[in-house]
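Everything below concerns the one structure shown next.
The values are calculated or read from the model by the stated rules, or taken from the named source; none is laboratory data. Treat the numbers as computed from the prediction; the structure is a model and nothing was measured. Note: ideal-geometry Cβ built from the backbone for every residue, glycine included; neighbour counts use all protein chains shown. Ligands, DNA and RNA are excluded from the accessible area calculation, which covers all protein heavy atoms including side chains. Shrake-Rupley method; radii C 1.70, N 1.55, O 1.52, S 1.80 Å.
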Amino acid sequence: MRKTGPMRDAILCLVLTSLLGVAAASASAKTYLLQAGQDSSPYSFTPNTRRGTLNTAYAFTAFDQGAEHSFEYFIQWNLPAELFEPGVEVVQALAWVYHGYSYTLFGDFSDVIGELSCHEVLAPWTEAGTGGLTWNNRPSIGPVVDQRTEILDEGMIWFELTDVVQGWIDNPGSNHGIALTNSLNRVMGFYSFQDGTVSPNLRPSLMIETVPEPAAAASLFAGGALLAFLDRRRARRIRCWNTASSQRRSS
């Protein structure tokens, strides 16, 4: 019997649903929670001081009696080798820090609105040692990748880094981490990797969800080939049906 209209569409929908299920199973997502690496928060007032081994980190911009007292926060996570296997695709990457404290050394700014901007770091750096990160030797950073504004309370602050992390994976050696900046004078303090007094979830964290792209592509390619085969077979049946129908009419 020739299958047309709704019946044919229903069959195609069933085939597609089955194939997409196979593709989804082949491309099962993996989630990585990264909570180790290096971080440092250089200080403009003492521009040659290395602060990489401290458990405190800050981001704000302040001036006192004409002198700048600003901090930026640099973070770099250790990416597992598994992420660099061929074809790994990042579905989503989220990074977060915890704004847990402040201080009033230059005045009480706890009621001042804060903001936190996330940038990709564009050159290598290290948190300690003779070449440890300082305000004077800090590497250049890119434009704002993501930003949180109107911050009035302490708590978790997260950033969307999907494209950035995919870039690190596609170009091994390009992972120099991120830098957090705050152009306002609200003092924002964070728990660094070195702070063992708090949960790892309150220290810099990066969650990455991936799928193995080649497996998904292979399944979808196989699905497309099957649909093409079914369509060719259907076309042959239609030609045969048309030929038989013409012969019946002419007899």
Worksheet item: So who's got an amide H within less than 5 Å of the one on L161, skipping anything under 5 residues away but keeping other chains? H placed 1.01 Å off N, in plane.
Response: A93, L94, A95
Worksheet item: In region 70-175, what percent of the accessible surface is made up of carbon and sulfur (1.4 Å probe, ligands and nucleic acids excluded)?
Response: 51 percent
Worksheet item: Along region 79-96, what does the Karplus equation 6.51 cos²θ - 1.76 cosθ + 1.60 (θ = phi - 60°) give for ³J(HN,Hα), rounded to whole Hz, x for Gly and Pro?
Response: 8, x, 4, 4, 5, 9, 5, x, x, 5, 10, 7, 7, 7, 9, 10, 10, 8
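According to the Kirkwood expression over distinct Cα-Cα pairs, how big is the hydrodynamic radius of region 32-189, in Å?
Result for region 32-189 stands at 16.3 Å.
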Worksheet item: Long-range amide H contacts for V145: which residues qualify at under 5 Å (H placed 1.01 Å from N, peptide plane, sequence gap of 5 or more or a different chain)?
Response: C118, H119, E120
Item to complete: Could you tell me which chymotrypsin sites (Phe, Trp or Tyr not before Pro) in region 33-95 are loop residues by DSSP with no more than 16 other beta carbons within 10 angstrom of their beta carbon?
Response: F45
Worksheet, complete the sentence: Along region 140-156, Karplus-curve 3J(HN,Hα) (6.51, -1.76, 1.60; θ = phi - 60°) to the nearest Hz, with x for Gly and Pro, reads 6, 10, x, x, 5, 8, 8, 8, 10, 10, 6, 7, 10, 10, 6, x, 6
Worksheet item: Can you give the extra length, in nm with one decimal, that the chain gains between E85 and S174 once fully stretched, where that is 0.36 nm per residue apart less the Cα-Cα distance?
Response: 30.5 nm
Worksheet entry | Estimated vicinal HN-Hα couplings, Hz - region 183-190 in sequence order (Karplus 6.51, -1.76, 1.60; Gly, Pro = x) | 7, 9, 9, 5, 6, 10, x, 10
Worksheet item: Can you list the residues, at least 5 places off or on another chain, whose amide H is less than 5 Å from the amide H of N185, using H built in the peptide plane?
Response: T61
